[in-house]
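These notes concern the structure reproduced below.
The values are calculated or read from the model by the stated rules, or taken from the named source; none is laboratory data. None of these values were measured; they are calculated from a predicted model. No Cβ is skipped: glycine too gets one built from the backbone with ideal geometry, and neighbour counts run over all protein chains shown.
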Amino acid sequence: MRVIAFSSLKGGCGKTTAALFTAEALASAGRRVIAVDADANNNLTDALARDESPGNIEVHSLYRALTGRRPLADCVIPTAFNLGLISGTPSLANAGLELAQDPGICMRFPAELKALDAEVAIIDTAPALTLELTLALYAADLVIVPVGLSRWTVAAYQVIADRLRMVAKSTGRPTRLLALPNIVTELEAETLRNIFDRPLTRTSIFKSAAIRNATNNGKALKEGGQAWTWYSNLALEVME
């Protein structure tokens, strides 16, 4: 399994939207995908499981898996988007406190995740230095950090880069890190590519009413549309 985490310490950078539509594009391309909502704000879960009951979402949540209440494999719920979901709920905010004295979770979670029956896992993480973010970084083969033409998204990228270096010291395994020009104009994307001195994805995600409307309504992007093409290209790129 290939594990791809979408991370940023800057809220509002489009991290969850990028994770959502990349997961949907991969599933549409025939990949067996599991989306993991590692953010107590649970926006990814809301988009993928809008018709599920709150009770069922909670029972199958990542919080239940991390705290040993349910096996991770039993937390995968099907969605209408042809991919599985391990849901995030507000209760996930308790995981860091409950597992503070369990350093082994950083090794167990990646192993359990990669044992799931899927080709790729897409993890959406919280915009904070939480246990869940740390677990995602330990599990990830690739970390994507959305950036815009803003000094704060760039500063947030650096925090993730620093955390990944700490993870690499623990695991002995470097993790690839890419910045994604996200929710930008064509001019902003070009400027970023000229001034940002860290590896960037070849794909840029531009500002789009179609993306905003699909996200707000919990709908998939229209296949064949311009926005769909951007995420299809990103999906191909992250699997290289």
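Looking at ALA118, ALA100, ALA139, ALA156, which one is modelled with pLDDT of 95 or more, more than 17 Å from ASN41 (Cα to Cα) and more than 15 Å from the chain's Cα centre (by Cα)?
That would be ALA118, the only listed residue that is modelled with pLDDT of 95 or more, more than 17 Å from ASN41 (Cα to Cα) and more than 15 Å from the chain's Cα centre (by Cα).
Taken over region 1-26, the criterion of being of a type in the set (Gly, Ala, Ser), over 12 Å from the mean Cα position of the chain (by Cα) and assigned to a helix (DSSP H, G or I) is satisfied by ALA25 alone. Just name the residue that is farthest from SER91 (Cα to Cα) out of those in region 120-154 that are surrounded by 22 or more Cβ atoms within 10 Å (Cβ to Cβ) and of a type in the set (Asp, Glu). Across region 120-154, the extreme among qualifying residues is ASP124.
Criterion applied to LEU236, LEU192, LEU187 was being crowded, with 20+ Cβ neighbours inside 10 Å and part of a helix (DSSP H, G or I), and the one residue passing it is LEU192.
A count restricted to region 195-228 and to residues that are part of a helix (DSSP H, G or I), over 20 Å from LEU44 (Cα atoms) and not aliphatic (A, V, I, L, M) stands at 1.
Does region 23-41 contain any residue that is farther than 25 Å from ALA115 by Cα and touching a residue at least 12 places away in the same chain (Cβ under 8 Å)?
Here is the first cut: in region 23-41, the ones farther than 25 Å from ALA115 by Cα are 41.
After this cut, where a residue has to be touching a residue at least 12 places away in the same chain (Cβ under 8 Å) as well, the list is 41.
Within region 23-41, one or more residues are farther than 25 Å from ALA115 by Cα and touching a residue at least 12 places away in the same chain (Cβ under 8 Å).
From the set of residues in region 155-184 that are out of contact with any helix residue (DSSP H, G or I) (no Cβ under 9 Å at 6 or more places or on another chain) and more than 23 Å from MET239 (Cα to Cα), which is surrounded by the most Cβ atoms within 10 Å (Cβ to Cβ)? Among residues in region 155-184 that are out of contact with any helix residue (DSSP H, G or I) (no Cβ under 9 Å at 6 or more places or on another chain) and more than 23 Å from MET239 (Cα to Cα), the one surrounded by the most Cβ atoms within 10 Å (Cβ to Cβ) is ALA156.
Taking region 61-76 as the search range and keeping residues that are of a type in the set (Gly, Ala, Ser), more than 17 Å from the chain's Cα centre (by Cα) and not in a loop (DSSP other than H, G, I, E, B), which one is nearest to PRO90 (Cα to Cα)?
Looking at the filtered set, the residue picked out is ALA65.
Each row is one residue, and each column tells you yes or no for (1) touching a Phe, Trp or Tyr at 6+ places or on another chain (Cβ under 8 Å); (2) within 20 Å of PRO181 (Cβ to Cβ).
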site: LEU85; (1), (2): no, no
site: GLU98; (1), (2): no, no
site: GLY104; (1), (2): no, no
site: ALA115; (1), (2): no, no
site: ILE123; (1), (2): yes, no
site: LEU142; (1), (2): no, yes
site: LEU149; (1), (2): no, yes
site: ARG163; (1), (2): no, no
